[in-house]
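Remarks on the structure that follows.
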């Protein structure tokens, strides 16, 4: 498997389910990572970069919903597909409301599961791309001086250079110089680019 191959994690205490899902995942060109308990998976979590999680709802230690909560607490954006042999509406609603990608009942339909995994992997890749973009923006923003940040904050609100200068008690020429450095450091080609970057960084 290449380093770019998506990893699909399966957490299920039934060895036959784990093995059959492992074969199915591998046959589709993904990398399976199989765990029999929640604790085993969570212990390995820092070293397992999952593109998708397939979790049994009813595990002997922590439940699949407990893992989902733990992942949510850690701000993980990894899509989760729940599987269960004892599906009930309240549990499925709870899982889906908490952001689960899918909730499937056993016996699993291979075609449905493959489609769900494919969708989850695509969502994971989009999430990683967004997170990577945001990290790069944060790194660029960290290069700005305090004054450059002040200028950027006012500029993206729509203030003209003269107004920014009045707010910060500096000359319009100085504002233009700071604004130019902000555009350069943030690698913004246009004002609209800068506004969109500010929005991504949570600057209103």
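Observations on the structure shown:
- Between residue 73 and residue 159, full extension at 0.36 nm per residue minus the direct alpha carbon distance yields a gain of 27.1 nm.
- Isotropically averaged projected area of the stretch 49-156, using the convex hull of Cα atoms (one quarter of hull area), nm²: 9.3
- Here the average projected area of the convex hull drawn through the C-alpha atoms of the stretch 160-204 stands at 3.2 nm².
- FRET efficiency for residue 44 and residue 193, using Cβ-Cβ distance with R0 set to 35 Å, rounded to 0.05: 0.30
- Residue 14 versus residue 172: modelled label distance in nm, points set 7 Å from Cα along the beta carbon direction: 7.4
- Between helix 64-73 and the chain: long-axis angle, C-alpha atoms, 0 to 90°, nearest 10: 10
- As a rough guide to protection, the peptides 72-84, 165-177 ranked by mean Cβ packing within 10 Å, highest first, stand as 72-84, 165-177.
- Alpha carbon centroid spacing (whole Å) that separates the stretch 8-86 from the stretch 129-179: 44
- Overall size of the stretch 91-204 from C-alpha positions, given as principal axis extents largest first: 71, 24, 20 Å.
- Per-pair calculated FRET efficiency, R0 = 25 Å: residue 5 and residue 114 via Cβ, rounded to 0.05: 0.95
- Projected onto their three principal axes, the Cα atoms of the chain cover extents of 73, 38, 30 Å, largest first.
- Counting neighbouring Cβ atoms within 10 Å and putting the fewest first, the residues 133, 7 line up as 133, 7.
Throughout, read-outs are computed from the coordinates displayed, never taken from laboratory work. Only a predicted model underlies this, so the values are computations on that prediction, with no experimental measurement involved. Here Cβ is always computed from backbone atoms with ideal geometry, including for glycine, and neighbour counts include all displayed protein chains.
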